[in-house]
Ligand SMILES: [Zn+2]
């Protein structure tokens, strides 16, 4: 409790504050390793699978159906490749946004999403969940693995030199 109270006090005032707990650092490192692995794995998958597609439209949430991508009269029901991808698609803050989704159609007709991007004024943004206190990025919405405070949803303009980003046109 003492740690949390201090933490709250420091938030916003001292942006350079970092979690000093060894397990937290380890968790952050592991998380980084996992994202890197996923990026590499996704990149390889894209090379060998021509079935990966990019869809663009409005992200909606329909009761009983879950997250749906709407483009004109077309509606595609969405599934996430990973649990955190699905939670991102369910994120209320992204609802009704224009999004670009990279993924694959499943035999049941659902679109399984690998990567989520948002579009604002024609500009593509990567979606991430960031903890300012610990300076680490989580995989999906929820609490920070380090300090357990809620993470912040951020949309970062896609850097064309960033090879980890997969965009097909
Ligand atoms: Zn944190």
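The values are calculated or read from the model by the stated rules, or taken from the named source; none is laboratory data. Predicted, not measured: the structure shown is a model, and the values here were computed from it. Heads up, the Cβs are rebuilt from the backbone with ideal geometry, glycines too, and the neighbour counts pull from every protein chain shown.
Test residue 116 against the stated conditions and say whether it is modelled with pLDDT of 95 or more, away from the ligand (no atom under 16 Å from the Cβ) and surrounded by 19 or more Cβ atoms within 10 Å (Cβ to Cβ). Spell out how you get there, then give the answer.
Details: modelled with pLDDT of 95 or more: yes; away from the ligand (no atom under 16 Å from the Cβ): yes; surrounded by 19 or more Cβ atoms within 10 Å (Cβ to Cβ): yes.
Yes: the conditions hold for residue 116.
Quick check on residue 128: is it away from the ligand (no atom under 16 Å from the Cβ) and either within 17 Å of the chain's Cα centre (by Cα) or not in a strand (DSSP E or B) (or both)?
Working: away from the ligand (no atom under 16 Å from the Cβ): no; either within 17 Å of the chain's Cα centre (by Cα) or not in a strand (DSSP E or B) (or both): yes.
The answer is no for residue 128.
It is to be established whether one or more residues within segment 152-164 are at pLDDT below 95, part of a loop (DSSP other than H, G, I, E, B) and either within 16 Å of the ligand (Cβ to nearest atom) or closer than 18 Å to residue 66 by Cα (or both). Steps first, please.
In the first step, residues of segment 152-164 are kept if they are at pLDDT below 95; the result is 152-164.
Of the ones still in play, those that are also part of a loop (DSSP other than H, G, I, E, B) are 158-164.
Checking which are either within 16 Å of the ligand (Cβ to nearest atom) or closer than 18 Å to residue 66 by Cα (or both) leaves us with none.
No, the conditions are met nowhere in segment 152-164.
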